[in-house]
Amino acid sequence: MVAYLFALRQGRWGIAGFGAIAFLITLLNAAGFYQVAGHTTAEREAFARSIDVLAAQFSVIVPPPMRPDTAGGYVQFRAYGALAIAFAIWALASASAAARGDEERGIVQAVLAAGISRLAFVASRAGAFAIAATVAALAGSAGVLVGVASGGESISPAAALEAGLVLVALALCCYSLTLLIAQFTGARSATPVAAAVLLALFLVNSLSRTFDWLVAWRRLSPFHYFEQSSPLVPGEAIDVGATLVLLAIAVAASALAAIAFRYRDIGSPLFSLPTPSRPASYEVSRALAWRIPVVRELYEQRVGLLVWTVGLATLGAIFVVLTKAIVEPLLTIPGLARYFSAFVHGDVYPSFLGLIWLSFTQLLMAGFAVTRVARWSAQDSDGRLELILSSPVSRAGVVIERVVVLAVEALIIVSVSGVSVWTESHSQSIDLDRGRLVAAMLLLVPFTLVFGVIGALLASRVPRATVGLLGILVFASYLITQLGPIFKLPTWVQDGSAFKLFGQPLTTGVDQTGLVIMVVIVVAGLVASAMVMERRDIGA
Amino acid sequence: MAVAAIHTAGLSKDYGLGRGLFELDLQVAQQEVFGFLGPNGAGKSTTIRLLMGLIRPTGGSAHIFGLDCIRDYVAVKKKVGYVPGEMPQFGGLRGSEVVAYFGGMRGGADVRFVRMLAERFNLDLSRRYREYSSGNKQKLGIVLAFMHRPQLLILDEPTSGLDPLIQQEFYALLNEAREDGATVFLSSHILSEVERACDRVGIVRAGRLVRIADLEELHSIRFHHVEIEFAAGARIPTDAIKAAAGVEEVVVDDHRVACTVKGSFEPLLHAIRDAKVANLVSHEPSLEEIFLEYYRESRRALPS
């Protein structure tokens with residue numbers, strides 16, 4: 001019992017965060033349906049046709065919608081498709097932390113030393129995650145009911161609960177698979193290896209909608225069984241068999257993970273190759289980069305920076321290809337004009353690139369800022385900042401160096417991404433204004449820094465709560481831009497979002513006011529965080 | 001007159017609920033090795049963080065070589081080498097890179113000196129930090145503190161996690177640093193360690209400095225628990241043991257005798273010289289036991 005409670009306590013922020021996300025996503029999509037779908041049967045049928053055509057372009061990623069003319073069908077398509085991915089990521093992070101992360105931190109050793117068996121340890125972690133996922137999924141179900149009620153309609157509570165149940169089954173399945181994979185990998189590689197496997201399983205299922213030769217393989221994917229149930233769609237119900245398959249995989253994988261855990265050494269994978277011995281070295285690294293402020297941080301984070309740079313550049317090229325494929329058929333449908341009228345201004349292709357690629361890139365760059373801020377707050381809590389400040393460097397200097405490093409990293413990432421988009425759009429015969437593309441890319445730097453300096457200020461003030469608070473800020477800021485036009489939120493609310501301050505540089509050029517506000521926020525945030533850092537206690 | 005290496009006046013950090021450090025008046029001369037002794041939670045690390053300018057005092061002041069620890073914290077750090085109470089995480093960085101990183105912050109590391117330190121401590125700098133044992137992490141902390149030959153070494157329980165052989169090497173390094181002109185401020189909760197390494201010792205308890213003692217005074221405070229097991233059938237010289245100078249709390253149980261010994265062991269060894277001893281075990285009491293004994297002695301000494 002103690003082990004369960006401890007495991008639940010370890011995951012309390014996950015429960016709170018994913019519960020809030022599930023509730024907001026289902027609530028906003030259900031309520032948003034009544035804003036965009038219209039109220040007459042004819043309006044909703046036209047809306048459904050538009051969604052069908054739109055979804056067909058993304059069938060590589062998401063399953064086709066069923067009855068999108070109903071709130072239930074729309075929420076099943078929009079909200080639960082996204083929640084499946086979100087819960088899979090949550091399961092991945094939780095399971096790799098439980099299996100190997102806590103091992104590195106010595107928590108597993110402490111628990112086992114308290115007399116808890118390895119089997120009980122795995123059971124407590126899996127059980128605690130099941131409870132956590134259930135609570136978060138129930139929040140999602142509540143969001144559906146409240147959102148639909150806001151439109152003056154109703155939906156069966158049983159259907160909402162069934163949708164949550166399928167989500168929990170998928171999350172448990174992903175959790176257990178990660179738990180199993182982590183027994184066979186090194187501690188550091190558990191997360192990336194499990195992520196690669198889960199991504200492959202996701203793609204096997206989603207690509208099988210396009211490539212027939214993958215159809216036979218999709219039965220391996222938990223996401224295939226998840227998609228068999230659409231309980232929110234009128235006339236549809238939970239697929240009991242498919243849900244039981246998910247739960248059976250979860251139980252079997254957890255059991256195998258427990259057995260593997262029983263036989264492996266703590267800190268090592270189940271099977272490992274002996275490392276060749278080599279003579280000790282007492283030499284200091286002679287790399288010049290360690291001597292130069294800013295460069296030393298870039299050098300230390302070079303692998304992560306490379307991954308972000310290549311990832312965003314690849315994503316940019318893919319979005320250009322997708323834009324071409326999506327926009328051409330959409331332009332032939334008159335009914336879609338109303339749906340997109342809230343977003344699209346000026347030339348169609350740059351507008352869509354701005355809408356799809358740039359807004360997604362903004363979100364990723366905000367996420368990048370969060371990862372860097374997380375590193376700063378970790379340096380505070382694990383004592384590295386204390387050791388840095390035992391050197392003759394000023395506290396303000398530490399803050400300034402961090403923000404400059406973030407600016408340089410952001411510049412590198414967006415520059416390469418911009419080149420990638422420019423090259424691909426050229427080959428796709430999309431006529432992009434080079435000046436505006438450069439401006440849009442450069443504008444992403446102050447945009448990233450806005451979140452960076454807010455994070456620096458938070459890290460100087462409340463280092464342990466920084467990541468959560470900044471994550472909420474990013475999420476809220478993004479939601480305001482996405483849902484503000486649909487819900488017709490007041491202008492001052494929409495203008496408060498950093499995503500709004502960024503504007504639409506690809507179509508309308510740089511919004512001077514937005515740029516000035518962002519620069520003011522960056523400078524003021526930098527000065528404030530340097531001042532707070534100078535006066536605060538470190539490591540207390 | 002040379003400026004003190006460390007000077008504090010009424011230095012306080014009040015965390016509330018009686019926790020923190022209160023009214024610390026301390027002076028450590030240059031080239032002195034000063035031990036700061038106290039049980040866990042006594043305020044040792046708080047004192048060190050105040051000296052390092054990492055936390056701000058709620059009262060009083062602290063100076064290092066005449067420089068204010070808060071106002072002149074950057075200048076202070078040029079003169080100081082620091083081993084923290086707990087080494088941070090450096091993940092995938094190699095030991096050689098961690099040294100280069102912190103060396104770079106001081107304008108570059110003395111490569112030859114670092115190599116000498118690493119060789120002495122048998123610290124393989126090519127390995128990744130996360131592969132290091134806790135002892136190796138501590139060795140790296142010592143290398144980082146000593147590598148720029150600082151004028152003042154502030155060491156927060158520097159030998160924790162080190163094996164006895166490496167501890168000897170560390171004490172030797174400490175002596176060499178002192179001979180080269182360095183001052184050392186060393187915190188510990190092990191009496192024998194400060195006794196061995198330090199010229200003077202400040203004893204801190206519950207956030208307050210209760211005593212500053214030189215080595216002679218320190219010897220008078222300390223005592224040992226001794227257990228003697230006599231051979232079966234052997235005569236036990238109980239009276240001689242009880243009469244031996246410095247021997248107290250004698251308890252005889254069958255052919256075993258337990259007692260405490262203050263000061264020299266010579267009188268006890270003399271008392272049992274003719275007996276057939278099968279086993280003799282001596283162990284140092286905890287710091288808390290020493291404090292209790294110290295306060296009991298103080299109360300006895302007070303006039304009634």
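The values are calculated or read from the model by the stated rules, or taken from the named source; none is laboratory data. If you're wondering where the values come from, they're calculated on a predicted model, not measured in any experiment. When we count neighbours, we look across all protein chains shown, and the Cβ atoms used for this are built from the backbone with ideal geometry, even at glycine. To get the accessible areas, we keep the full protein, side chains included, count just its heavy atoms, and leave off ligands, DNA and RNA. Shrake-Rupley method; radii C 1.70, N 1.55, O 1.52, S 1.80 Å.
Using only protein heavy atoms and a 1.4 Å probe, how much accessible area in total is buried between B and A, to the nearest 100 Å²?
Numbers: alone 15370 and 25770 Å², together 37360 Å².
Summed over both sides, the interface buries about 3800 Å².
Can you give me the Kirkwood hydrodynamic radius for segment B:20-62, using every pair of distinct Cα atoms, in Å to one decimal?
Values: mean 1/r = 0.0873 Å⁻¹.
It works out to 11.5 Å.
Rounded if a/c is under 1.5, else prolate if a/b beats b/c, else oblate: with a ≥ b ≥ c from the C-alpha gyration tensor eigenvalues square-rooted, which is segment B:36-111?
On the way: a/c = 2.66, a/b = 1.44, b/c = 1.85.
Note, shape of segment B:36-111 comes out oblate.
Can you classify the protein assembly as shown as rounded, prolate or oblate using the Cα gyration tensor, where a ≥ b ≥ c are the square roots of its eigenvalues, rounded means a/c under 1.5, and otherwise it's prolate if a/b beats b/c and oblate if not? Don't skip to the end; give the middle numbers.
Details: a/c = 2.56, a/b = 1.86, b/c = 1.38.
Prolate.
Work from the charge dipole of chain B (Cβ charges, +1 for Lys and Arg, -1 for Asp and Glu, about the Cα centre) and give the residue of B:Phe146, B:Pro88, B:Gly35 farthest towards its positive end.
My answer, from the dipole projection, is B:Pro88.
Can you work out the Karplus-derived ³J(HN,Hα) for every residue in segment B:81-93? Use 6.51 cos²θ - 1.76 cosθ + 1.60 with θ = phi - 60°, whole Hz, and x for glycine or proline.
For segment B:81-93, the Karplus-derived couplings read x, 9, 10, x, x, 9, 6, x, 8, 10, x, x, 5 Hz, x marking Gly and Pro.
Picking from B:Val250, B:Val80, B:Val201, which is most flexible by a Gaussian network model of chain B using Cα springs under 10 Å?
In the Gaussian network model the winner is B:Val250.
Relative contact order of chain A: what whole-number percent is it, with Cα pairs under 8 angstrom and at least 6 residues apart? Intermediate values should be presented prior to the final figure.
Values: 733 pairs, mean separation 77.6, N = 540.
Value for chain A: 14 percent.
Over segment A:406-540, what relative contact order in percent results from Cα pairs under 8 Å that are six or more residues apart?
Dividing the mean separation by the residue count of segment A:406-540 yields 31 percent.
Expressed as a rounded percentage, what relative contact order does segment A:24-108 have, with Cα pairs under 8 Å and six or more residues apart? Each step should come with its number before you reach the end.
Details: 56 pairs, mean separation 21.9, N = 85.
26 percent.
Loop only per DSSP, at most 11 neighbouring Cβ atoms within 10 Å: give me the trypsin sites (Lys or Arg not before Pro) in segment A:186-225, ordered by residue number.
On the way: sites: A:Arg188, A:Arg209, A:Arg218, A:Arg219; in loops: A:Arg188, A:Arg209.
Listed in order of number, the matching sites amount to none.
Can you give the % of DSSP beta bridges in the protein assembly as shown that are antiparallel, to the nearest 5? Please report the intermediate quantities before stating the final value.
On the way: 39 of 57 bridges.
Percent antiparallel among DSSP bridges in the protein assembly as shown is about 70.
Taking a quarter of the surface of the convex hull around the Cα atoms of segment A:462-517, what do you get in nm²?
Numbers: hull surface 19.4 nm².
If I average the Cα hull's projected area over directions, I get 4.8 nm².
Only four residue types carry charge here, +1 at the Cβ of Lys and Arg and -1 at the Cβ of Asp and Glu. Report the dipole size of the protein assembly as shown about the Cα centre in Debye, rounded to the nearest 20.
Working: 72 positive and 70 negative charges, 174 e Å.
The calculation lands at about 840 debye.
List the trypsin sites (Lys or Arg not before Pro) within segment B:15-97 that fall in a DSSP loop (any state other than H, G, I, E or B) and whose Cβ has at most 13 other Cβ atoms within 10 Å. Show your work: numbers first, answer last.
Values: sites: B:Arg19, B:Lys44, B:Arg49, B:Arg71, B:Lys77, B:Lys78, B:Lys79, B:Arg94; in loops: B:Arg71.
Counting only loop positions with at most 13 other Cβ atoms within 10 Å, the trypsin sites (Lys or Arg not before Pro) in segment B:15-97 are B:Arg71.
May I ask you to evaluate 6.51 cos²θ - 1.76 cosθ + 1.60, the Karplus curve with θ = phi - 60°, for each residue of segment B:64-74 and list the ³J(HN,Hα) values in order in whole Hz, giving x for glycine and proline?
Calculated HN-Hα couplings, in order: 10, 6, x, 9, 5, 5, 8, 5, 9, 5, 6 Hz.
Along the principal axes of its C-alpha atoms, what lengths does segment A:379-532 span, in descending order and rounded to whole Å?
Rounded to whole Å, the extents work out to 56, 37, 25 Å.
Report the one residue of A:Ala136, A:Pro269, A:Gln183 whose Cα lies farthest in the direction of the positive end of the charge dipole of the protein assembly as shown (charges on C-beta: Lys and Arg +1, Asp and Glu -1; origin at the Cα centre).
Toward the positive end, the furthest listed residue is A:Ala136.
Please quote Rg/Rh for segment B:223-283 to two decimal places, taking the Kirkwood radius as Rh and restricting both calculations to Cα atoms. Intermediate values should be presented prior to the final figure.
Details: Rg = 10.2 Å, Rh = 11.2 Å.
That ratio equals 0.91.
Could you give me the radius of gyration and the Dmax of segment A:130-252, taking only the C-alpha atoms into account and expressing both in angstrom?
16.3, 53
So, R0 is 30 Å and r is the distance between the beta-carbons of A:Ala237 and A:Ile259; what FRET efficiency does that work out to, to 0.05?
Working: r = 36 Å, r/R0 = 1.19.
Approximately 0.25, to the nearest 0.05.
Given Cβ point charges of +1 (Lys, Arg) and -1 (Asp, Glu) and nothing else, what value in debye, to the nearest 20, does the dipole of segment B:6-219 about its Cα centre take? Please list the in-between numbers first.
On the way: 26 positive and 25 negative charges, 167 e Å.
Computed charge dipole of segment B:6-219: roughly 800 debye.
Can you give the log10 of the normalised intensity I(q)/I(0) at q = 0.10 Å⁻¹, computed with Debye over equal Cα scatterers of segment B:6-219?
-0.42
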